[in-house]
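The values are calculated or read from the model by the stated rules, or taken from the named source; none is laboratory data. The structure displayed is predicted, hence computed values, not measured ones. As a convention, Cβ positions derive from the backbone with ideal geometry for all residues, glycine included, and neighbour counts pool all protein chains shown.
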Amino acid sequence: MISQFRKLQDTWFAKIILILTGLSFVSLFGVAGYMGSVGKNRPVIKVNNDEFLQGEALGQLENEIQTAKRLFGDNFEITDAIRANMMQNIIEKNLNRMIIKNIAEKNGISISDDLVRQFIYAQPEFRNANGQFDINRFRQILSMSGLTESQYISSIKNDIIRQNVIQTAVDGLNIPSIMLKYAGLINNQKRVFKYITLDTKKLPIDRKISEDEIQQYYQDFNMNFMAPETRDISFFYMSNDDISKQMTISDEEAENYYQENENQFLTPETRHVLQMVFDDELLAQSAIKDLQNGQDFYAVAKKQAKQERDVTDLGYIAQDMLLENLAEPVFALKKGQVSAPLNSDMGWHVVKVIDIKAGSKVEKSKALAQIKEQLKKEKMYDESYELAAKVEDKIGAGEEFTDIAKMLKTKIYDIKELHEDGTANTNETFIKKIITQPDFIDVAFSYNAGEISQVIELEDGFASLKVNAVHDSHPKDIAEVRPEIIKMWEHNERTAIAQEIINDVQHDLEDGDSIDNIAKRFNLQLNTTTPMLRTQTFAGLSETDMKDLFLERAGAARIFKVGDSQIIALTDKIINTSSSETKSETVLRQMKLELAQEYAHQLLSDFSSDYDVRVKYKLLGLAD
């Protein structure tokens, strides 16, 4: 099972879409968590009795899509191939996690919360400018990532166990020197390839499909022409902004906050300050004399205090940013004035103020308006929780759907023919954003006609829906699917023509004919590459394809499928070059890394043989 994922580990998604690691520390640090509800859905991965659900996979897929859009922009197109690649990575990650979890349980391995806490505190990206743990940075990353506390902590524990159970066992591999010699020759070998590209989509078809063939395709592939189950639903949605707008903050509450936090609305006076520091007062006085004689402050600082410009220039600073003994004297200076020698624990300071920016204060009316908005945001999540609980109570009491919406002062949206992939008969971007969320879809297909769902927690608010009608899956009429049948038939025809050409080319190559003559005879374009290393590629071939090509003798052809194209390639010329000592060291590191990865994968695969491992690819839109 594990070996099925081997080719995925080097994909660019596996490398780029790493974790914008989300953190919350309810159990570790006492920080309040979020409302949670797990929809009823089907398991897609099972390792013994552990299950990973379809809804969890779709939720992780949506997070990766959003991460990709943040990295590459909202216009980044998520193609079917990219979506499938993302889902394969999700399966691999969670399958490995579940196997590691079972290994730990079987061998009595556990990781304490205290060890996790130490690990978290050790991460520099979660510290403030003073190098201390900053809970606000955690919260910010949490909001960006969409991961829960339990998911993040579980991933840390899983990684620690993996490091000790798997990685430690493969570290410190030694490579015999004889292998290094031949590996260097192999890695530095270059080859020139000749290849033919056969684009299946462009192959001409010399006939049209018959009516009998249309009927036969309709019968043979009837499962391809089934209309999926769809649902007509109504829903209301309360966004966090909607909730915030309905909230009111009293003038008294805002005034109390203002009185307690008035400093928040003050912008203090700042000064552009230059300083030089000396070990004794006499040196400081000597520097002041040079300044009084018209010498430049930076020049004196460099000559007398041995300070570079970036150390001398403190930039614009507020009074509370200075040492206690310096604050008042420096802020008593006028623009352009130089201080007398000022003493502190650091030594004797000579300071010059070269500019002053006056402080300011937000008008009280504006400050109160800002306070009200701020307090709304702070209380919004509590209000959302209470409002959602109130809706749950009304649903449980059997109240009408329309009456609940009226109570919330929100609109009801009607959706026709909602599919399980989130598509429906609507063009409204706002509605699409809601109905395509995995939790919403899962709930929509979990209730019967006439039933009202419980509250659905969504990305930026909550919703509830009513199922108005269920349209069962049924065969489409042959007239409706006729274009699909023709398209399928044309694809199969072109594939058969392409295979016939490939078979003829292979036969002629095996009979000793040259690829040049064969290309001319079949009117196919022949391409020749420049000399290439095994780490390079051409015509869309993967790294694995290139490794396979480099294993073949000169003149031996291999066939590869790249998208809708078939590529017939062979080695035309082999160029051997010697490797330098520096390159040999690089080869050694690369060999150790590749062997360690290979052994780690094999060890994990061996462990997995002890468990009942099942993956339902079709439920995730992937072929078995």
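Computed values, structure above
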{"item": "Residue list for region 455-476, restricted to those being out of contact with any strand residue (DSSP E or B) (no Cβ under 7 Å at 6 or more places or on another chain) and in a loop (DSSP other than H, G, I, E, B)", "result": "GLU459, ASP472"}
{"item": "Output for region 102-132, where each listed residue is aliphatic (A, V, I, L, M), touching a helix residue (DSSP H, G or I) at 6+ places or on another chain (Cβ under 7 Å) and either loosely packed, with under 10 Cβ neighbours inside 10 Å or modelled with pLDDT under 80 (or both)", "result": "VAL116, ILE120"}
{"item": "Failed criterion for LEU198 (all others in (1) at pLDDT below 95; (2) over 30 Å from ARG558 (Cα atoms); (3) buried (at least 18 other Cβ atoms within 10 Å of the Cβ) hold)", "result": "(2)"}
{"item": "Residue list for region 234-250, restricted to those being within 16 Å of LYS377 (Cα to Cα) and either in a loop (DSSP other than H, G, I, E, B) or not β-branched (Val, Ile, Thr) (or both)", "result": "MET238, SER239, ASN240, ASP241, ASP242, SER244, LYS245, GLN246, MET247, THR248, ILE249, SER250"}
{"item": "Filter result for the condition that a residue is closer than 30 Å to GLU262 by Cα, out of contact with any Gly (no Cβ under 7 Å at 6 or more places or on another chain) and not hydrophobic (A, V, I, L, M, F, W, C), over LYS406, LYS394, LYS372", "result": "LYS372"}
{"item": "Inter-residue pairs, beta-carbon under 7 Å, first over 17 Å from ARG558 (Cβ atoms) and in region 484-513, second acidic (Asp, Glu) and assigned to a helix (DSSP H, G or I), 6+ apart", "result": "TRP489/GLU213"}
{"item": "Any hit, region 82-89, residues being out of contact with any Gly (no Cβ under 8 Å at 6 or more places or on another chain), at pLDDT 70 or above, closer than 30 Å to TYR447 by Cβ and of a type in the set (Val, Ile, Thr)", "result": "no"}
{"item": "Looking only at region 133-160, and only at residues there that are modelled with pLDDT of 75 or more and of a type in the set (S, T, N, Q), the one that is surrounded by the most Cβ atoms within 10 Å (Cβ to Cβ)", "result": "ASN158"}
{"item": "Among (1) surrounded by 18 or more Cβ atoms within 10 Å (Cβ to Cβ); (2) at pLDDT 50 or above; (3) of a type in the set (S, T, N, Q) - the single one THR21 does not satisfy", "result": "(2)"}
{"item": "Residue list for region 408-420, filter: modelled with pLDDT under 95, surrounded by 14 or more Cβ atoms within 10 Å (Cβ to Cβ) and farther than 30 Å from LEU619 by Cβ", "result": "LEU408, THR410"}
{"item": "Total residues in region 525-554, condition without any contact (Cβ under 8 Å) to a residue 24 or more places away in the chain, surrounded by 12 or more Cβ atoms within 10 Å (Cβ to Cβ) and assigned to a loop (DSSP other than H, G, I, E, B)", "result": "3"}
{"item": "Residues located in region 488-520, provided they are assigned to a helix (DSSP H, G or I), over 42 Å from the mean Cα position of the chain (by Cα) and either among the polar types (S, T, N, Q) or loosely packed, with under 13 Cβ neighbours inside 10 Å (or both)", "result": "GLU500, ASN503, GLN506, HIS507, GLU510, ASP516, ASN517, LYS520"}
{"item": "Condition met for ASP206 (surrounded by fewer than 19 Cβ atoms within 10 Å (Cβ to Cβ), farther than 30 Å from LYS372 by Cα, out of contact with any helix residue (DSSP H, G or I) (no Cβ under 8 Å at 6 or more places or on another chain) and acidic (Asp, Glu))", "result": "yes"}
{"item": "Region 253-300: number of residues that are among the hydroxyl-bearing types (Ser, Thr, Tyr), in a strand (DSSP E or B) and farther than 20 Å from ASN325 by Cα", "result": "1"}
{"item": "Selection status of ILE485, over 30 Å from TYR413 (Cβ atoms), aliphatic (A, V, I, L, M), assigned by TED's automatic domain parsing to the domain that holds THR200 and over 39 Å from the mean Cα position of the chain (by Cα)", "result": "no"}
{"item": "Every pair of residues 6+ apart whose Cβ atoms lie under 8 Å, when the first sits in region 296-309 and is under 19 Å from GLY336 (Cβ atoms) while the second is of a type in the set (S, T, N, Q)", "result": "PHE297/THR312; TYR298/THR312; ALA301/GLN307; ALA301/THR312"}
{"item": "Tabulated pairs, region 236-260, first within 30 Å of GLN454 (Cα to Cα) and modelled with pLDDT of 80 or more, second among the hydroxyl-bearing types (Ser, Thr, Tyr) and assigned to a strand (DSSP E or B), C-beta under 8 angstrom, 6+ apart or interchain", "result": "PHE236/TYR413; PHE236/SER464; TYR237/TYR413"}
{"item": "Some residue of region 235-245 being among the small types (Gly, Ala, Ser) and surrounded by fewer than 13 Cβ atoms within 10 Å (Cβ to Cβ)", "result": "no"}
{"item": "Residue within region 565-574 that is farther than 18 Å from ARG191 by Cα and either among the hydroxyl-bearing types (Ser, Thr, Tyr) or modelled with pLDDT under 85 (or both) present", "result": "yes"}
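Conditions tested, residue by residue: (1) farther than 30 Å from LEU526 by Cα; (2) of a type in the set (D, E, K, R).
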site	(1), (2)
VAL192	no, no
TYR195	no, no
LYS202	no, yes
ILE209	yes, no
ILE214	yes, no
GLN219	yes, no
GLU229	yes, yes
ILE233	yes, no
